[in-house]
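Working notes, beginning with the structure itself.
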Amino acid sequence: MNNFGSKSIHSISFNQSNSCFSVAMDNGFRIYNIEPLAELQNGQFEDFGSIRIIEIFHRSNIVALVGGGAHSKFSSKMLRLWDDKEKEFIFELSFDSVIRAVRMKRNRLVVVLTHKIYVFSGPLNPQHLQTIETRENSRGLCQVAGSSTCYTMIFPGTRAGSLQLFDMSTAGAAVGAISSPATINAHRTQLQCIAINHSGTLAATASIKGTLIRVFDLKTRQLVIELRRGTDTATVQCITFNSDSSYICASSDKGTVHIFAIKNPELNKRLTVANVGYLGTYAGSQWGMTSFTLRSECPCMCVFAPSGTGAVSLTRFLYLSHSLSLTHTHSLQE
């Protein structure tokens, strides 16, 4: 458990291995190791001002920062790469509109704007490879596979509720070498939250309604499983796969975290009235195998922490509350 005080938290993100997390705040930024919980970096307000977006480059000393908030020291249209070992900024990129999200791999840097996505080599000495025009994306929805051998990136397609797939290994290639965009019609309404598993084989989506979470096979573009978060509208703020994609966890502004089984869906709960015809497909919905609610309804982020070793196999996950600024861990018996 850790308390950041009354300072406003703008965003929380995890590194590619989910072994540490970063917090962007009005008074700088913090980076923490998850197991055991320990502070790794402390970006002081005097040096950085307010930070709106932070992204960690694996477990290295390289951090991507975007300013914003009450006391920003640099523009929200500028991305700056900070080397915490050398205690200096090593690169900066300026854009013509506000940066909505940043994603990093060992050989790719992705910067998301409201109507564009820029793909660079890098993130060390990044070179521009490609610019992708997108639909309005003020939420900055964009995810990249964590695996070093997979270059798949997902983001909202041109049609509301659709998901576009892009192979970043072709970025910068000649026009004839780039395959046609692949699209999945995931929902009827706009996307609210998206996730991709580590290997880049599965994607999970939720719309602005927030009642259903759908998981798709990215090779076949077919629906794998449909999961029900609830019956009332909610803003899904986080969806995360565990390391082998056997589970996903999802959190919403209702202050509830749900855990769903993907590989063994029999573990998910179902209504006992599944044969009652007038309930339609709702009766056959798969609900979370377990869930819990925070002490007060508030937005939170969740992630499956790296599994420990031992005789008992446990899947552990962690959630972070934006307003309470608490970290907790829970365990699930497999």
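The values are calculated or read from the model by the stated rules, or taken from the named source; none is laboratory data. No experiment lies behind these values; they were computed from the predicted model shown. Because the Cβ atoms are built from the backbone with ideal geometry, glycine has one as well, and the counts that use them run over all protein chains shown. To get the accessible areas, we keep the full protein, side chains included, count just its heavy atoms, and leave off ligands, DNA and RNA. Shrake-Rupley method; radii C 1.70, N 1.55, O 1.52, S 1.80 Å.
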Next item on the list: Would you work out what percent of the accessible area of segment 118-268, with all protein chains in place, is carbon or sulfur (probe 1.4 Å)?
Entry: 46 percent
Notebook entry, point to check: So what is the relative contact order for segment 229-275, in percent, with contacts set as C-alpha pairs under 8 Å and at least six apart?
Noted result: 27 percent
Check: Per residue, how many Å² of accessible area does segment 1-133 show with a 1.4 Å probe?
Finding: 43 Å²
Next item on the list: Decide, for segment 197-264, between rounded, prolate and oblate: order the square roots of the alpha carbon gyration tensor eigenvalues as a ≥ b ≥ c, take rounded if a/c falls under 1.5, and otherwise choose prolate if a/b is larger than b/c, else oblate.
Entry: prolate
Note to self: How far apart, in nanometres, would the label points at Ala38 and Ser138 be if each is projected 7 angstrom from Cα along the Cα-to-Cβ direction?
What the structure shows: 4.3 nm
Item checked: Formal net charge of residues neighbouring Arg188 (Cβ-Cβ distance under 13 Å; K, R +1; D, E -1) -> +3
Margin query: Using the basic label-point model (7 angstrom from Cα toward the beta carbon), what is the Gln130 to Ser75 distance in nanometres?
Written below: 2.7 nm
Notebook entry, point to check: How do the peptides 71-82, 260-271 rank, highest first, by the average count of neighbouring beta carbon atoms within 10 Å per residue?
Noted result: 71-82, 260-271
Next item on the list: Label segment 110-258 by shape, choosing from rounded, prolate and oblate, from the square roots a ≥ b ≥ c of the eigenvalues of the Cα gyration tensor; if a/c is under 1.5 it is rounded, and otherwise prolate applies when a/b is larger than b/c, oblate when it is not.
Entry: prolate
Check: Once label points are set 7 Å from the Cα along Cα→Cβ at both Asp83 and Thr293, what is their separation, rounded to one decimal in nm?
Finding: 5.1 nm
Check: Does segment 65-156 come out rounded, prolate or oblate, given a ≥ b ≥ c as the square roots of the eigenvalues of its C-alpha gyration tensor, rounded meaning a/c under 1.5 and, failing that, prolate meaning a/b above b/c?
Finding: oblate
Check: Can you give me the Cα centroid spacing of segment 25-46 and segment 104-121 in angstrom?
Finding: 24 Å
